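As structure tokens, the structure follows; a few thoughts come after it.
All of the numbers you see were taken from the coordinates with simple rules; none came from a lab. Since this is a predicted model, take the numbers as computed values, not measurements. Quick reminder, even Gly has a Cβ in these numbers, built from the backbone with ideal geometry, and neighbours come from all protein chains shown.
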């Protein structure tokens, strides 16, 4: 069963509240997109903040890294996990820890 987004299921940009949005999976590739979908690790972003400008998550590595760290923190908190145990459980799902 798909869990709700760790951010918002409301279709507005996470950063600017635009209602023209793309759905961004925070952990893409190698089967992680499907896990992101199931675990709620996705966010709505407008085209500018997604992939249509230098401010977009696909072009701004720092923004991408911050979102991956933030999403992992939110996931661990939702799961009621802390410390290395939390990081290990996250790593089992996504193959990497960002914290």
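Quick check: from the Cα gyration tensor, does segment 1-50 come out rounded (a/c under 1.5), prolate or oblate? Since a/c reaches 1.5 but b/c is at least a/b, the shape of segment 1-50 is classed as oblate. Per residue of the chain, the DSSP helices (runs of n ≥ 4 H) give a summed -39500 (n - 2.57) that works out to -13000 deg cm²/dmol at 222 nm.
Using 11 Å as the cut-off for backbone N distance, which residues of segment 16-34 belong to the label zone defined by a point 7 Å from the Cα of residue 51 along Cα→Cβ? Residues 22-25 qualify, since their backbone N sits under 11 Å from the label point. Beyond 21 Å, the tail of the calculated P(r) for segment 22-93 holds 27 percent of the Cα pairs.
Can you work out the FRET efficiency for the pair residue 33 and residue 77, with r the C-beta to C-beta distance and R0 = 22 Å, to the nearest 0.05? Efficiency, from the Cβ-Cβ distance: 0.50. Here the label points at residue 19 and residue 62, each 7 Å from Cα along the C-beta direction, are separated by 3.3 nm in the simple model.
Arranged from fewest to most other beta-carbon atoms within 10 Å of their beta carbon, 30, 13, 71 become 30, 13, 71. The label point for residue 12 and the one for residue 99, both projected 7 Å from the Cα toward the Cβ, are 2.7 nm apart.
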